[in-house]
There are 2 protein chains.
Amino acid sequence: MSTTRFALAQIDTCVGDLDGNAAKVIATTRMARERADVVVFPEMTLTGYPIEDLALRATFREAAWNKANELAAQLESEGMGGLYVVVGTVGTDHANGKPRNRLVVLHGGLVWAGYDKHFLPNYGVFDEFRIFSAGERHVVLSIDGVRVGLAICEDIWQDGGPVAELAAEHIDVLLTINGSPYEEGKTQIRLDLARRRAAEVHAPMIYVNQVGGQDDLVFDGGTFVVDTDGTLLQRSPMFMEDLAYFTLDTDREHQEVCEVAPRMDPDEEVYTACVLGLKDYMAKNGFTGVCLGLSGGIDSALVAAMAADAVGGGNVYGISMPSMYSSQGSKDDAADLAANIGTHYDVQPIKPMYDAFQQQLALDGVSAENLQARIRGVIVMAYSNSKGVLALATGNKSELACGYSTIYGDAVGGYAPIKDVFKTKVWQLARWRNSAAAAGMGVGGLHIVGNEAGDAGVQLPGGVMIPVNSITKAPSAELRPGQKDSDSLPQYELLDRVLEAYIEHAHGRADLLADGFDDETVSTVIRLVDRAEWKRRQYPLGPKVSALAFGRDRRLPVTGAFRE
Amino acid sequence: MSTTRFALAQIDTCVGDLDGNAAKVIATTRMARERADVVVFPEMTLTGYPIEDLALRATFREAAWNKANELAAQLESEGMGGLYVVVGTVGTDHANGKPRNRLVVLHGGLVWAGYDKHFLPNYGVFDEFRIFSAGERHVVLSIDGVRVGLAICEDIWQDGGPVAELAAEHIDVLLTINGSPYEEGKTQIRLDLARRRAAEVHAPMIYVNQVGGQDDLVFDGGTFVVDTDGTLLQRSPMFMEDLAYFTLDTDREHQEVCEVAPRMDPDEEVYTACVLGLKDYMAKNGFTGVCLGLSGGIDSALVAAMAADAVGGGNVYGISMPSMYSSQGSKDDAADLAANIGTHYDVQPIKPMYDAFQQQLALDGVSAENLQARIRGVIVMAYSNSKGVLALATGNKSELACGYSTIYGDAVGGYAPIKDVFKTKVWQLARWRNSAAAAGMGVGGLHIVGNEAGDAGVQLPGGVMIPVNSITKAPSAELRPGQKDSDSLPQYELLDRVLEAYIEHAHGRADLLADGFDDETVSTVIRLVDRAEWKRRQYPLGPKVSALAFGRDRRLPVTGAFRE
């Protein structure tokens, strides 16, 4: 037989949930059993990914090992022992007792130790060299005479190593399992890379990626297959679970093209990543609802829209907390938004509490401004506690980078859906969501994991989601009369460009001036960013959507940081 | 000449402060110039340590390189060019552009590239493999014919590598520069290790360590020299800057014993580490005062005592925030403590604010308990903002591990002095501090960096610091009538032993039962610890004093963590 049928199982796993992940492998394999010889799951399927220091617990590794054996036995007992089921898990390096990032093959009721990841990424969000020891040998799996080369994620991102060795092995296909987090623009980069590797090993390449949110990462899926000549043969949709099929015919020079999902609109991509990150964070932590302050501003409006898309407006508690400095426009905008997306909506004026504090403390200036924000933080957390819902922080990446927020005030929350979205992009996403609403996409109409039906969602009355006024008005914290963000920060269009150069591209002061930014702006931004590290470290988790997110993928000292 | 005179400069550097660190090298070298041929500074002297991802900024590396050259030129211009000044800094690997952890020698007005660290620790608090590329070559420095082998910190902790190679090099002395953070019991471990390495290279070994707090690490100094046969020849005191001397006479089989500082009492050691961590965090962030809530309980009493020892009672703002559930005893204890250590002391009853919130929110149960803690958090932050002082979180490691605290309530603060101290140890440290007070050690009488005078400090009126009642009474959060910690947690004597086994020794459920702990306790502790990860991640920085602190040296997923 010259054809081998691969099922590509793009699933959403949960870190540490060995039972749940194994159950998903079984259920998915049942679905694929008639149409596939090989069923391929993502990196570290059984354990979830990334498992971080959990891998260092011997008891966890033992439990994972037992679970793999149990799984193999169950597949066999259900008559699926003839399939080759490729899963990722954690192994142990018997030479030094360290964990390994391992691919195993379940077949004939047994666990066949397969391949150990060679390149262990240790940059950005990745801590793998910290945890794992590296595999040394490349592996070719022979399935009824078809030679399948194996690799795990980072192995294809580095030159040399196992993939280079496989080039001399006359393999029929390169099979890679991945846990590759989403970032803007990565789809094309992955595809280009895969084309290079397919050419290098002279064989088609299969790329199976996990999907779903895990803490502050979002995995976009986007599983695909490229032919030896670079032709895209298959592509799964992003942000949803998917079971796709690819048939390898070793008698053919070129493989047959299967279903290729279209690319998403770039704004839709980021918006959906944020929604999925939130939805999965809630699901994996046992939350069914959220609460957040609705100020009438664009940040809270966008986050509320995302929350409604993730779990439905009826599971969102929007709290308007006006002060003496809140404009009527802001109050109206908050109410309109809540009505549009169907959230619970309460008004909790903060003046009585503010007066009670001020009676004793008599604060002024920034201290009095922070007091307002912190009273709101207490109210949001009171809703979170009493209703058992997740509090959302609504800060964006621009203000987070600059420390333009009140710690324990507007920064409170268990999850921060737009922490990696610059302010200018916040406006863009709001506009995109409104245009999707106008085109008929109701609340919950996104195609994401757990919403596979993918209908148009709950229709919006006026076909608009986010009040236009929230998008167009000048941003203000409304903590004193007439306050505008631009009193403290450069205009966001300018600020975001400086932030991108300073943070994402690591430009120093001289570079920034050479980029054409003026000295005052550069000095302001550098001073703000360098001082905000401590605040950022206390900020809730949120989905990474850019190449360089604040948080775990950027580690800076708090004290005495270098001033550019 | 057969003798070489080494000055061992145990200094406190600040990360990123190239100017300040270079100035300290100059000043220290001036002091040593008449008595030394070689002046040795700690690991990464110029940059501070650990610099984390700051090393990845090309502009920072360039600035460090320029600073090293400037420093060499200045030494020369001051007539100190004849000395060999050994400093640590960041270099660049020209093969791949990655940073290197480098030792350089300043001599004759020039920077002599010396040795690049070979073993890059990437466990616990260390992220070096993430940042640096590894040096490949061992180096022997020849100073007037005396052969000096070089190593940097982790190089001596791993077998093999450069130290093993130096064994064949007939060196006269092994010179190591270190940035080795404090943990309980490490002094002896380091000494034993050094003895092994000295024997291995057949030469005396010099161990120069940095001292001082840097973010959540405390470096204890404790610089020392051991002879080839393991004899301790010199030891500097811990927790203070020190300039010691050691003369190597290559004609002698055994070197002469110099000054050996005595070991500290174990409780004094931990207490002093916490005080130094706080003092340096303040100094390096520009704070001169602190504020904290004084509940009358032992945690806040101990933290207040530490703060007074760090910066003087007059720079401490103690705030009593009684509620309807606060006992008279607690209020008296708080007032007594404040009087003993001479802090500012304000009473801010929380009932008016509590009533204002409850008028609108009508919370009950845990939500109402959290509300009290959060009102206190707002007040503490109001003091922090309005007085420009650092807010201290007073939680201990036991409650932090179990999540027994209110996020944005008692957990607020910029620094948490006892976050790595178990509750049973909190009592022990309080007793130690009181016995030191009884023996005449007043407020500020500790021997730490910046307090080198080391007099008895400001005398306490009654010779007691922490009210005995705060130490002896049953711990309570006083958030509802008659509440005791033991309602929610096992007794601390038991809890701390389970925590130590579960966290520090990574014992699983089966191990814990085999350790003799009962099933109910084990289940309770595991459930609490596994659920508290998110809260811990939001907790302020605090000094590491144990082998395994929560925080940066333990990375766990928040979502779906493995249940033992």
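Provide an ascending nm list, one decimal, of label-point separations from B:Tyr245 to the equivalent residue in each further copy; define each label point as 7 Å from Cα along Cα→Cβ.
Ordered by distance, the counterparts are at 8.6 nm.
Starting from the amide H of A:Leu141, placed 1.01 Å from N in the peptide plane, find each other amide H under 5 Å away whose residue is 5 or more places distant or on another chain.
A:Val148, A:Gly149, A:Leu150
Of all DSSP beta bridges in chain A, what percent run antiparallel (nearest 5)?
Of all bridge pairs located within chain A, approximately 55 percent are antiparallel.
How many angstrom lie between the Cα centre of the range A:224-300 and the Cα centre of the range B:320-396?
48
Under a Cβ-Cβ cut-off of 10 Å, what is the net charge of the residues other than A:Pro540 that fall near it, where Lys and Arg count +1 and Asp and Glu count -1?
Local charge sum for A:Pro540: +1.
Please give me the summed charge of the neighbours of A:Leu371: other residues whose Cβ is under 15 Å from its Cβ, Lys and Arg +1, Asp and Glu -1.
Computed value for this residue: +2.
Would you kindly work out the equivalent ellipsoid of the range A:132-237 from its C-alpha gyration tensor and give its semi-axes, the square roots of five times the eigenvalues, largest first in whole Å?
23, 16, 12
Can you figure out the FRET efficiency of B:Ser77 with A:Asp192, using R₀ = 56 Å and their beta-carbon distance, to the nearest 0.05?
Plugging the Cβ-Cβ distance into 1/(1 + (r/R0)^6) gives 0.55.
To make sure I understand, if each residue's beta carbon is the centre and we count other beta carbons within 10 Å, what order do B:Ser320, B:Ser295 fall in, fewest to most?
B:Ser320, B:Ser295
Name the long-range amide H neighbours of A:Val111: under 5 Å, sequence gap of 5 or more, or other chain; modelled H, no Pro or chain starts.
none
Please work out the Cα center distance from the range B:403-440 to the range B:503-564, rounded to the nearest Å.
19
Over the range B:413-564, what is the mean sequence separation of C-alpha contacts under 8 Å (at least six apart), divided by residue count, expressed as relative contact order in percent?
28
Would you please classify the overall shape of the range A:259-312 from the alpha carbon gyration tensor, given that a ≥ b ≥ c denote the square roots of the eigenvalues, rounded means a/c under 1.5, and beyond that prolate means a/b larger than b/c while oblate covers the rest?
oblate
Rounded, prolate or oblate: which fits the range A:373-504, taking a ≥ b ≥ c as square roots of the Cα gyration tensor eigenvalues, rounded meaning a/c under 1.5, else prolate when a/b beats b/c?
oblate
Quick one: 3J(HN,Hα) in Hz for the range A:119-134, Karplus 6.51/-1.76/1.60 with θ = phi - 60°, rounded, Gly and Pro as x.
Each residue's phi maps through the Karplus curve to give 8, 10, x, 9, 9, x, 7, 8, 10, 5, 5, 4, 9, 9, 9, 8 Hz.
Along Cα-to-Cβ, 7 Å out, sits the label point; list in nm, shortest first, how far the one on A:Arg531 is from those in the other copies.
4.0
Whole number please: convex hull volume per residue of the Cα set in chain B, in Å³?
In chain B, the Cα convex hull volume per residue is 163 Å³.
If contacts are Cα pairs under 8 angstrom and at least 6 residues apart, what is the relative contact order of the range A:3-256 in percent?
That works out to 20 percent.
For the range B:3-262, what is the convex hull volume of its Cα atoms per residue in Å³?
Per residue, the Cα convex hull of the range B:3-262 comes to 113 Å³.
Enter the angle in degrees (range 0 to 90, nearest 10) between the Cα long axis of helix A:351-361 and the first principal axis of the Cα atoms of chain A, meaning the one along which they spread out most.
Relative to chain A, helix A:351-361 is tipped by roughly 70 degrees.
Give the distance, in whole Å, between the Cα centre of the range A:1-65 and the Cα centre of the range B:1-52.
With the range A:1-65 and the range B:1-52 each reduced to a Cα centre, they are spaced 54 Å.
Provide B:Ile26, B:Ile152 in ascending order of the number of other Cβ atoms located within 10 Å of each residue's Cβ, fewest first.
B:Ile26, B:Ile152
From the gyration tensor of the Cα coordinates in the protein assembly as shown, what semi-axes in whole Å does the equivalent ellipsoid have, largest first, with each one equal to sqrt(5λ)?
After diagonalising the Cα gyration tensor, the semi-axes are 46, 41, 28 Å.
Which three semi-axes in whole Å describe the equivalent ellipsoid of the range B:1-75, each the square root of 5 times a Cα gyration tensor eigenvalue, listed largest first?
Calculated on Cα positions only, the semi-axes equal 25, 13, 11 Å.
From the backbone phi of the range A:364-371, what are the Karplus-calculated ³J(HN,Hα) couplings (6.51 cos²θ - 1.76 cosθ + 1.60, θ = phi - 60°) in whole Hz, Gly and Pro given as x?
So the J values, rounded to whole Hz, are 9, x, 4, 4, 6, 5, 4, 4.
Please give the net charge around A:Ile350, taking every other residue with its beta carbon less than 13 angstrom from that of A:Ile350, where Lys and Arg add +1 and Asp and Glu add -1.
Within the 13 Å Cβ shell, the charges total -1.
For n ≥ 4 DSSP H runs only, could you compute -39500 (n - 2.57) per run for chain A, divide by its residues and tell me the 222 nm figure to the nearest 500?
After summing the helix terms and dividing by residue count, I get -11000 deg cm²/dmol.
List, in order, the whole-Hz ³J(HN,Hα) value for each residue of the range A:504-509 obtained from phi through the Karplus relation with A = 6.51, B = -1.76, C = 1.60 and θ = phi - 60°; use x for Gly and Pro.
Karplus-based 3J(HN,Hα) across the range A:504-509 equals 6, 9, 6, 5, x, 3 Hz.
Could you grab the relative contact order for chain A? Cα pairs under 8 Å, six or more apart, rounded to a whole percent.
12
Using the structure shown, list the pairs from B:Lys24/B:Lys67; B:Lys331/B:Lys473; A:Lys24/A:Lys67; A:Lys397/B:Lys387; A:Lys117/A:Lys544; A:Lys397/B:Lys284 with a Cα-Cα distance above 18 Å, or answer none.
Pairs exceeding 18 Å: A:Lys397/B:Lys387; A:Lys117/A:Lys544; A:Lys397/B:Lys284.
Every other copy gets compared here: list the nm distances from the B:Ser142 label point (7 Å along Cα to Cβ) to its counterparts, shortest first, one decimal.
Ordered by increasing distance: 5.9 nm.
Which percent, nearest 5, of DSSP beta bridges in the range A:268-486 are antiparallel?
For the range A:268-486, the DSSP antiparallel bridge percentage is about 10.
Given the range A:45-156 reduced to its alpha-carbon atoms as identical point scatterers, what log10 I(q)/I(0) does the Debye formula return at q = 0.23 Å⁻¹?
With one equal scatterer per Cα and no solvent, log10 I(q)/I(0) is -1.31.
Read the figures in this text as sums done on the coordinates, not as results from a lab. Being a predicted model, the structure only gives us computed values, none of them experimental. We place every Cβ from the backbone using ideal geometry, glycine too, and count neighbours over all the protein chains shown.
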